[in-house]
Amino acid sequence: MCASEDEKPEKDSLNKVTSLNTGKPCAVAVRFTFNKAIILSEMVTKMGKRTEAEKLFSRAIEAGKNGNAEKEKEYYDELIKKFHPADDLEIKILVVKAMANKGVTLAQQGRIDGAHAVFNEIIDVFGGSQELEIKRQVAGVCVNKGTVLLQLGNNRDAVKTYDGVFALYGEEKDIFLKVQTVKALLNKGVTFSRQGSHEEAVSLLAETAALYEKEQAPEIKFWDGKGCF
């Protein structure tokens with residue numbers, strides 16, 4: 001039993017402390033223990049899901065390194081099926097990475113339409129995310145989407161995609177996002193060149209160089225100095 005009415009101190013705050021320290025299971029203590037147990041259970045479940053997602057992702061990466069592209073995609077598909085959509089940020093990041101890697105694998109296999117569909121899905125689902133790591137993944141996917149559009153012969157939409165990267169991430173301070181922006185602008189210039197629009201290409205590359213000339217990050221200097229890739 002909790003403290004009796006006769007034993008109740010004048011201040012309620014003291015009553016709460018006294019009750020919890022009597023060693024007897026009063027209602028407040030029971031509720032506290034029950035809530036704590038629920039929180040611990042949720043934490044264990046979350047950690048278990050993260051571990052499983054990480055294992056699937058690692059297996060996919062290993063399969064890819066071993067040249068087993070089909071097995072690699074199977075692991076990515078299993079991860080996506082089990083954990084998408086995800087509320088946990090770390091799992092969500094793994095899902096996006098799995099989808100992005102799957103798209104790249106499809107492109108490398110020459111399955112350009114499949115890669116294009118995967119990239120579109122990522123942009124549609126995660127394009128509005130504000131988490132930095134998700135934004136990084138989406139930016140990289142947009143650049144890759146431009147590349148596959150070029151392979152599909154759709155130069156106009158490729159240029160629009162590159163323009164979209166600059167519009168979304170051109171003001172970002174994060175180095176990775178800046179690198180993706182530079183890639184997009186340079187790819188756009190290369191696209192103009194291949195179309196025979198050499199003056200536009202030269203002008204765009206010059207503008208890109210001027211825009212990032214003060215950048216000291218080696219990653220930016222590397223891409224800005226290439227002019228094409």
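At-a-glance table
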{"quantity": "So G146, is it within 19 Å of the chain's Cα centre (by Cα) and surrounded by fewer than 20 Cβ atoms within 10 Å (Cβ to Cβ)", "calculated": "no"}
{"quantity": "Residue tally, condition part of a loop (DSSP other than H, G, I, E, B) and over 18 Å from the mean Cα position of the chain (by Cα), over the range 171-187", "calculated": "1"}
{"quantity": "Filter result for the condition that a residue is free of Cβ contacts under 8 Å to residues at least 40 places away in the same chain and basic (K, R), over K145, K92", "calculated": "K145"}
{"quantity": "Evaluation of D77 against (1) over 21 Å from K188 (Cα atoms); (2) free of Cβ contacts under 8 Å to residues at least 40 places away in the same chain; (3) surrounded by 18 or more Cβ atoms within 10 Å (Cβ to Cβ) (one fails), failing number", "calculated": "(3)"}
{"quantity": "Hey, P85 within 21 Å of A115 (Cα to Cα), loosely packed, with under 15 Cβ neighbours inside 10 Å and modelled with pLDDT under 95 or not", "calculated": "yes"}
{"quantity": "When residues of the range 44-91 are limited to those that are part of a loop (DSSP other than H, G, I, E, B) and touching a helix residue (DSSP H, G or I) at 6+ places or on another chain (Cβ under 7 Å), the one nearest to V104 (Cα to Cα)", "calculated": "H84"}
{"quantity": "Any hit, the range 120-131, residues being over 30 Å from T45 (Cα atoms), modelled with pLDDT of 95 or more and outside the structural domain of E213 (by TED's automatic domain parsing)", "calculated": "yes"}
{"quantity": "Residue match in the range 36-52 (condition: in contact with a Ser or Thr (Cβ under 9 Å, 6 or more places away or on another chain) and at pLDDT 95 or above)", "calculated": "no"}
{"quantity": "All positions within the range 188-209 that are part of a helix (DSSP H, G or I), modelled with pLDDT of 90 or more and of a type in the set (G, A, S)", "calculated": "G189, S193, A201, S203, A206"}
{"quantity": "Criterion violated by V118 - all others in (1) within 29 Å of K221 (Cα to Cα); (2) free of Cβ contacts under 8 Å to residues at least 24 places away in the same chain; (3) surrounded by 21 or more Cβ atoms within 10 Å (Cβ to Cβ); (4) under 18 Å from the mean Cα position of the chain (by Cα) satisfied", "calculated": "(1)"}
{"quantity": "Residue in the range 155-162 that is modelled with pLDDT of 95 or more, touching a Ser or Thr at 6+ places or on another chain (Cβ under 9 Å), crowded, with 21+ Cβ neighbours inside 10 Å and not hydroxyl-bearing (S, T, Y) present", "calculated": "yes"}
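The values are calculated or read from the model by the stated rules, or taken from the named source; none is laboratory data. These figures come from a predicted structure and were not determined experimentally. Glycine gets a Cβ as well: all are built from the backbone with ideal geometry, and neighbour counts include every protein chain shown.
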